[in-house]
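What follows is a short report on a single structure.
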Amino acid sequence: QVQLVESGGGLVQAGGSLRLSCAASISIISINAMGWYRQAPGKQRELVARITRDGSTNYVDSVKGRFFISRDNAKNTVYLQMDSLKPEDTAVYYCNLDTGWSSYWGKGTLVTVSS
């Protein structure tokens, strides 16, 4: 089965930046879509960013212009560059891989943004 390992989370001050990485145990070049979700305490999980096989991207309105998703097929890795971080971005961030038939999840990485 597929393994997804997130890294790059941590503590950062408001206005700072972090880059999250999601390393997949399989080749991602032909994968239908990959994305990042987040879940804040007491809140439901929401889609943050998604990238499809053809490179199309979409973002939740609250992060547009601040977050950028990208993919490195040679490294089987998806990234989420997060700039101008706000306290409301604090959450556990999860990597997701969608083959079109199955969906796989990482265990998450915690991002904490202080005021």
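Each value in this text was obtained by applying a stated rule to the coordinates, not by laboratory testing. Remember, it's a predicted structure, so these values are computed and weren't measured experimentally. Glycine also receives a Cβ, built like all others from the backbone with ideal geometry; neighbour counts cover every protein chain displayed.
Among the residues of region 58-83, which ones are more than 15 Å from C22 (Cβ to Cβ) and either of a type outside the set (G, A, S) or within 10 Å of the chain's Cα centre (by Cα) (or both)?
Within region 58-83, N58, Y59, V60, D61, V63, K64, R66, D83 qualify.
Those residues that are outside any loop (DSSP other than H, G, I, E, B) and among the polar types (S, T, N, Q), I need them from region 1-50; list them, please. I'd like the intermediate steps shown before the answer.
Taking region 1-50 and keeping what is outside any loop (DSSP other than H, G, I, E, B), we get 4-7, 10-13, 18-24, 33-39, 46-50.
Across region 1-50, the qualifying residues are S7, Q13, S21, Q39.
Can you name the residue in region 22-63 that is charged (D, E, K, R) and surrounded by 12 or more Cβ atoms within 10 Å (Cβ to Cβ) and, of all such residues, is farthest from G9 (Cα to Cα)?
If we take residues in region 22-63 being charged (D, E, K, R) and surrounded by 12 or more Cβ atoms within 10 Å (Cβ to Cβ), then R53 is farthest from G9 (Cα to Cα).
Tell me yes or no: at least one residue of region 57-73 is among the aromatic types (F, W, Y) and touching a Cys at 6+ places or on another chain (Cβ under 7 Å). Lay out the reasoning, then the answer.
Of region 57-73, the ones among the aromatic types (F, W, Y) are 59, 67-68.
After this cut, where a residue has to be touching a Cys at 6+ places or on another chain (Cβ under 7 Å) as well, the list is none.
No, the conditions are met nowhere in region 57-73.
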